[in-house]
Amino acid sequence: MISFELTDEQKLAQSMVRDMALTALRPAARDADDREAIPSSILDEIWSTGIVQSQADADQGARSATLNAILLEELAVADASFAIAAAAPIGFLSAIATQGSPAQKKNLLPLFAGDKYRCAAVAIMEPDFGFDVSTIRTTATKTRDGYRLSGIKGLVPLAGQCSHFLVVAQCDGASEAFIVDRDIRGVTVGEKKPNVGLRALAMATVSFKDVDLKPAARLGEGAGCDVQRIVDSARTALSAIMIGTSRAVMEFVMPYTKERVVHGDALAKKQTIAFRLADMRIETDAMRWMTWKAASILEQGGDATRQAQLAYTYAGEQAMWIADEGVQMLGGHGYLRDNPVEMWYRDTRTVSVLEGAIGV
Amino acid sequence: MISFELTDEQKLAQSMVRDMALTALRPAARDADDREAIPSSILDEIWSTGIVQSQADADQGARSATLNAILLEELAVADASFAIAAAAPIGFLSAIATQGSPAQKKNLLPLFAGDKYRCAAVAIMEPDFGFDVSTIRTTATKTRDGYRLSGIKGLVPLAGQCSHFLVVAQCDGASEAFIVDRDIRGVTVGEKKPNVGLRALAMATVSFKDVDLKPAARLGEGAGCDVQRIVDSARTALSAIMIGTSRAVMEFVMPYTKERVVHGDALAKKQTIAFRLADMRIETDAMRWMTWKAASILEQGGDATRQAQLAYTYAGEQAMWIADEGVQMLGGHGYLRDNPVEMWYRDTRTVSVLEGAIGV
Amino acid sequence: MIDFELTTADEKILNSAHEQAIIGRRYARYYDKHEDELTPAEFPEAANLPNPTRLAEEGVSGSSGSRILHSLVMLETYWGGLALHRSKWGLGNTVLKTVATPEQFEKWKNHTIAIAITEPGAGSDPANIRTTATFDRETGEWVINGEKIFISQAQSADAAMVLSRFIAPDGSRGMTTFLVEKGTPGFTVGPQLKKLGIRSHDTCNLLFENCRIPEFNHIKGDFKSTMSVFNDSRPMVGAMALGVARAALDFTREKFAERGIEISYRGGLRSRSAVVDRFIRLEAIYEAALLTVLRSKWLEQQDVPPKVEASIAKAAGGKAARKITQGCVELLGPEALSEDHPLDRCFRDGRIFDIYEGAGEIQRLIIARSILGYTGRDLR
Amino acid sequence: MIDFELTTADEKILNSAHEQAIIGRRYARYYDKHEDELTPAEFPEAANLPNPTRLAEEGVSGSSGSRILHSLVMLETYWGGLALHRSKWGLGNTVLKTVATPEQFEKWKNHTIAIAITEPGAGSDPANIRTTATFDRETGEWVINGEKIFISQAQSADAAMVLSRFIAPDGSRGMTTFLVEKGTPGFTVGPQLKKLGIRSHDTCNLLFENCRIPEFNHIKGDFKSTMSVFNDSRPMVGAMALGVARAALDFTREKFAERGIEISYRGGLRSRSAVVDRFIRLEAIYEAALLTVLRSKWLEQQDVPPKVEASIAKAAGGKAARKITQGCVELLGPEALSEDHPLDRCFRDGRIFDIYEGAGEIQRLIIARSILGYTGRDLR
């Protein structure tokens, strides 16, 4: 039955995260971008929401892709990197929780139930121009004792802090995912590699050189997994984050353009500005409902591939437009690092070309 | 040497055609659209400019792709169908004149030097969803006595009036063009097939069923021809026509929006309207210079493929945007056939998806 | 709980609506070519079929709700391009229902009442309305003079609800509404307007020349209550737009399939052909707009009157229809231009929704004023 | 005769400019990372190389003309991201040249003079300028107070041409310009501004606190003549924008080639991959903007002062840089985000050109007023 109604619990969680995002997280965003690191106090704040740990809950009902989408939007209003700091372990855990074998769930999920921030990430992207999620080059070949993994993954968020990676690789002509402990032989986490945006995430390359894996490392073990579902979840999470950044831009430029006087009138009273603000509102609304729809299908166990693709494609276009216009509306001030809009411009271009690495 | 200077001769021709377009041609445009036919008096007006016949001139200096682009723009300000009525025989003749064998030139060009409108057209497009100019299905197979041509061509302008077609076909794995007299056995000109736009052109399907052709029918005879050059010429001509229609829209909506008062102010004083008008001006300018550049390369015998592609692609996007906004600026009046803008909207969508059939 | 699945009850109604739309589509070209003919009140094929609009309005147990369902039925109908049942409800009926006295309502409740607002010099701008009603003391009648244009249902309606200036016996002036029945002397309905598209849509100009009506016909809607009928209609227009847009998408998908072009949603930008990439982006525009329509309708259903959401749905639907119909023709190329296929009609029909019942620009003004806290005077 | 071919003389200068741009590009990342450091007046590699800007300005026989050539040299320079020769000409020099007395011109003709217009509350709007100069009868000096922001060449210039309100001894008021030399007490240059991109571009705020200058420094430019320096600079900014845009296109084409992606211009939409189709459309945007720049420069060269054409060139160039740099990152995907490659810098640098020296919106106002015959009061 078509409904846009949040449950009382969802409303409560949304309101709590919204408050925290604006009071505790937003003020720390610029500094984290400058230092290319997220302070542990911020990671602990994010952890305190319980959003990550709930993925590790034995009770399946505790996990909600829809709620995660709602909360990632709120976190991203504060900062996209911070939101991804939550979405990375969520992506890892939700893959384990929905597609892992009983043993995998039993071994891994409890590790993330503690009261300190802990990270793990899906590793899909590869440092290759023209990378596409449908053309993975990392390989896992069957050996006598399991699998041998080889390849390089790029743009792994908080790579230096991850205890595990879920590595997507070609195996016998199909895509599979492998749970890889970062401390085993052949795994090298590279230096952080600054990018145009999401700098606080200190994304790095992780290389896998003839890494020997047990059969138990394969997600779903003998049954394998549906890698597309991991991608669908990632696209949905990225969409949620783009809604958040778009809202950040919109909520920043509205008061700015109302206050800024040009030729005797508030900038917001110019039709071209006002209409663009209206379009920002139209598009953030549309992005949100599309993201909720994809998340809701994921939550109900359905095939969300089409919806996730549409949500991600649309959000990528619109969020980039919104961030670009946000910079424009501030004029020269939008180009200075004194204001957050230029950071949102960089972050949005970054989020909108990532695929994978996180999840709802 | 980079120059945007028209020669005195070009200026004179431009000014003459501009006057005729607005006084004699524009008033006849709506009626021709309604009747799905161009009256012969209009065809004779077009003929009287000499633009078509000059292609048939033995003196190579009489032909100028640049001048043709300039004049097609002016004709299209009156009506896109009327402009194509000129561009169709131009496309045919310029292919003969630049790529034909001496005998082909001698036999064909004089036919078009008379003082009555005469038509011939390049036949490239095929009635097939997903048609692309790079995937022609019509075939010419070598026979003992020449070639046997088979296939169906669609959207041939003024097909019922054409004395000849220049048919592009696959021949021994390459694209070649064949001069086909409409009266020979196996050639059937179909009923006119109304389209969303360019209705006055009465475009029709022409089918070629096992049409036997002499070797002399192959454009360039033994040497063959460069079909891409015909396509480049067509794309350039279509671009010129889209500039004309865009100018028609712009020149119609400017006075309209200045006169129309909404909430106490002229519509043109609303920033959203004024900025769109500014963008119309920016884009028609850009379209024109791109088209001139492609035409100039063609005229100098260079490889114009990239420039023609860029000009056509850009013009297609921008002209569609301009026609669409033109309708919008007139509101409900833009949706009525009382005003020409809805016709330009239909014509532009049509011109911007055609490829081939005409030339500069 | 957030959910986007149709219920079984929804699907039943929508399947029926879609089947009727398939029948409607068979007639669509005929009425596109014969714009002077009114469609019948009920097509022969519809005689034994339920009216899905009525079913949706009446409410169906187990459905997602009558408002949502009604909008989706409308979408299906516009997918076909022609309704098998001509609507007996006009926007003038909404005014009657909202502001008429019980006696007035009783008299005209079964009439189809068109709404007549727009004038040659005035679209959304009341200051320019010139139609004027003066009171004739001697006969106790109102005398109306003026011209109304672009009036939907003009020919098929039984009466028109006319927004007019008035000069009352006491000399006071203002804006009000009058119900003028067909056949009233001095009230002339012009010929069907010649339009780019939606040619089966009954649209004429109305002329009032010393048209006399009794005081009882004075319905006393003011400008605001009259314009507010569009609050309800906005997301519905969005749904109509999306019906046409989906027809274009469906046709394109079908032709792609015939040519072996597969639309995969799995890979990203770098794995796709140009036409598939664009098609996916057009689908996304459709989906985006559809969800804003559903959101607005869902709010109505929660008895939360949508504010900006109704305008968002109209603006998004109108834009989607423009982009999608233009885009599909481009994707399918020259053959798509032909009248042999429905796409040229979609292209023409789809252009109206961002224009009528408040153009996209008007919706953006409403949205901007609302989110910025501006009045109509601040931002216009 | 219409022609778009470069002459041999053009090509010689432009090849030299391009070679220097390749050298400049090697330094571009360093100055992107070290925004507080000024680039040297001349890089060591440039010592034995001609200054292509100067060559273009001086005029080259057989070239397409100095104006056109100058803009194309500028384009090449911005392709590299860094000039090997720092410009000694500031927009303040243009004011000096236009309005100064011969004595004033003689004194400062070899200075680099920045132009100082923008203020915290005033971009293009003179009504909001707050910097004020009052005349001190006792000393015969002007006393300036105010703040100027976003001032290009602020640190490297020898002086600033300051647009200021004045209150004259006779009490009259207005807007005028003063030349303030570096080192004048009360004139402070702030630190380098922290920007999204163009970080090697010397940009600071200026502060004037009871800054006293002699009457001789009163250059007497008014608002209009001061703003008119931007008439010349507009198409040049368009050319700069296109330099950055072409760097992004060239990098993308190169990476496509490495991956075996062929860009064919022969077929149509339905024969292309999504990335090739988009790339072609970005190239078309580049070509469109470039030709508007050349058109404007060509008019200048014919001594036809460009009117809307200068604004068209600026607007088209600024938009092209936004779309192209954003688009190329998207086409190349995640790897393109990395600082290992120049594209992230192009993405950031490319965002300025539609903002500074008259934002795209200002250019559109100028164009619209001109084509509609409106004044600044009619349309704002």
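The values are calculated or read from the model by the stated rules, or taken from the named source; none is laboratory data. If you're wondering where the values come from, they're calculated on a predicted model, not measured in any experiment. Heads up, the Cβs are rebuilt from the backbone with ideal geometry, glycines too, and the neighbour counts pull from every protein chain shown.
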Wholly inside the range B:13-109, helices (runs of 4 or more DSSP H) that include 3 or more residues that are farther than 25 Å from B:Phe165 by Cβ are B:26-35, B:65-78
Would you confirm whether any residue within the range B:303-325 is under 22 Å from B:Asp79 (Cβ atoms), buried (at least 24 other Cβ atoms within 10 Å of the Cβ), hydrophobic (A, V, I, L, M, F, W, C) and more than 17 Å from the chain's Cα centre (by Cα)? yes
Would you say B:Asp34 is under 29 Å from C:Glu339 (Cβ atoms) and surrounded by fewer than 22 Cβ atoms within 10 Å (Cβ to Cβ)? yes
Within the range D:247-274, track down each residue that is part of a helix (DSSP H, G or I) and either within 14 Å of the chain's Cα centre (by Cα) or within 14 Å of chain B (Cβ to nearest Cβ) (or both). D:Leu249, D:Arg253, D:Leu269, D:Arg270, D:Ser271
Residues located in the range A:244-264, provided they are at the interface with another protein chain (Cβ under 8 Å from one of its Cβ atoms) and surrounded by fewer than 21 Cβ atoms within 10 Å (Cβ to Cβ): A:Met254, A:Lys258, A:Val261, A:His263, A:Gly264
Taking the residues in the range C:58-94 that are part of a helix (DSSP H, G or I) and touching a Ser or Thr at 6+ places or on another chain (Cβ under 6 Å) as candidates, determine which candidate is farthest from C:Arg246 (Cα to Cα). C:Leu69
From the option list B:Val168, B:Val180, single residue qualifying as within 14 Å of another protein chain (Cβ to nearest Cβ) and assigned to a strand (DSSP E or B) is B:Val168
Could you check the range A:5-29 and list, in sequence order, the residues that are farther than 22 Å from C:Gln301 by Cα and in contact with a helix residue (DSSP H, G or I) (Cβ under 7 Å, 6 or more places away or on another chain)? A:Ala13, A:Gln14, A:Val17, A:Arg18, A:Met20, A:Ala21, A:Leu22, A:Ala24, A:Leu25, A:Arg26, A:Ala28, A:Ala29
Name every residue in the range B:290-318 that is more than 7 Å from chain D (Cβ to nearest Cβ), under 16 Å from D:Ser264 (Cα atoms) and aliphatic (A, V, I, L, M), in order of residue number. B:Ala304, B:Ala308, B:Ala311
Output the residue which, of all residues in the range D:275-286 that are more than 7 Å from chain B (Cβ to nearest Cβ) and of a type outside the set (A, V, I, L, M, F, W, C), is farthest from the chain's Cα centre (by Cα). D:Asp277
Condition set facing chain B (nearest Cβ under 9 Å) and modelled with pLDDT under 95, scope the range D:368-380, selection nearest to the chain's Cα centre (by Cα): answer is D:Arg380
Those residues of the range D:75-95 that are of a type in the set (D, E, K, R) and in contact with a strand residue (DSSP E or B) (Cβ under 8 Å, 6 or more places away or on another chain) come to a total of 1
For residues that are outside any loop (DSSP other than H, G, I, E, B) and either more than 11 Å from chain A (Cβ to nearest Cβ) or in contact with a Cys (Cβ under 8 Å, 6 or more places away or on another chain) (or both), scanning just the range C:287-316, find the one that is modelled with the highest pLDDT. C:Ala310
Hey, among A:Ile230, A:Ile282, A:Ile241, A:Ile273, which residue is more than 13 Å from chain C (Cβ to nearest Cβ) and either assigned to a helix (DSSP H, G or I) or farther than 23 Å from A:Pro27 by Cα (or both)? A:Ile241
Looking at the structure I just gave you, is C:Glu209 surrounded by fewer than 21 Cβ atoms within 10 Å (Cβ to Cβ), more than 28 Å from the chain's Cα centre (by Cα) and within 14 Å of C:Thr131 (Cβ to Cβ)? yes
Has the range B:24-43 got at least one residue that is closer than 22 Å to B:Cys119 by Cβ, modelled with pLDDT under 95 and out of contact with any strand residue (DSSP E or B) (no Cβ under 9 Å at 6 or more places or on another chain)? no
If you go through the range A:110-138, how many residues are within 17 Å of A:Val231 (Cα to Cα), in a loop (DSSP other than H, G, I, E, B) and more than 14 Å from chain C (Cβ to nearest Cβ)? 1
Quick check on A:Leu67: is it more than 14 Å from chain C (Cβ to nearest Cβ) and at pLDDT 95 or above? no
Specify which of the listed residues (A:Ile2, A:Ile51) is within 30 Å of C:Val304 (Cβ to Cβ), aliphatic (A, V, I, L, M) and at pLDDT below 95. A:Ile51
Breaking point among (1) free of Cβ contacts under 8 Å to residues at least 24 places away in the same chain; (2) within 14 Å of chain A (Cβ to nearest Cβ); (3) of a type in the set (Asp, Glu), for C:Asp10: (1)
List the number of the failed condition for D:Tyr78; all other conditions in (1) more than 30 Å from A:Asn195 (Cβ to Cβ); (2) touching a Leu at 6+ places or on another chain (Cβ under 8 Å) hold. (1)
Somewhere in the range D:21-42, is a residue in a loop (DSSP other than H, G, I, E, B), more than 18 Å from the chain's Cα centre (by Cα), assigned by TED's automatic domain parsing to the domain that holds D:His218 and farther than 28 Å from B:Gly301 by Cα? no
Which one of the conditions (1) of a type outside the set (Asp, Glu); (2) touching a Cys at 6+ places or on another chain (Cβ under 9 Å); (3) at pLDDT below 95 does C:Gly171 fail to meet, given that it meets all the rest? (2)
Can you tell me which residue is nearest to the other protein chains (Cβ to nearest Cβ) among those in the range A:191-211 that are assigned to a strand (DSSP E or B) and not charged (D, E, K, R)? A:Asn195
Looking at D:Ile149, D:Ile129, D:Ile144, which one is touching a residue at least 24 places away in the same chain (Cβ under 8 Å), more than 30 Å from D:Lys33 (Cβ to Cβ), within 14 Å of another protein chain (Cβ to nearest Cβ) and in contact with an Asp or Glu (Cβ under 9 Å, 6 or more places away or on another chain)? D:Ile129
Tally up the residues in the range C:92-112 that are surrounded by 18 or more Cβ atoms within 10 Å (Cβ to Cβ) and either hydrophobic (A, V, I, L, M, F, W, C) or free of Cβ contacts under 8 Å to residues at least 12 places away in the same chain (or both), please. 5
Out of the residues in the range C:327-367 that are under 16 Å from the mean Cα position of the chain (by Cα) and assigned to a helix (DSSP H, G or I), state the one that is surrounded by the fewest Cβ atoms within 10 Å (Cβ to Cβ). C:Ile362
For the range D:156-206, the count of residues that are of a type in the set (Ser, Thr, Tyr), touching a residue at least 12 places away in the same chain (Cβ under 8 Å), more than 22 Å from D:Pro120 (Cβ to Cβ) and surrounded by fewer than 16 Cβ atoms within 10 Å (Cβ to Cβ) equals 0
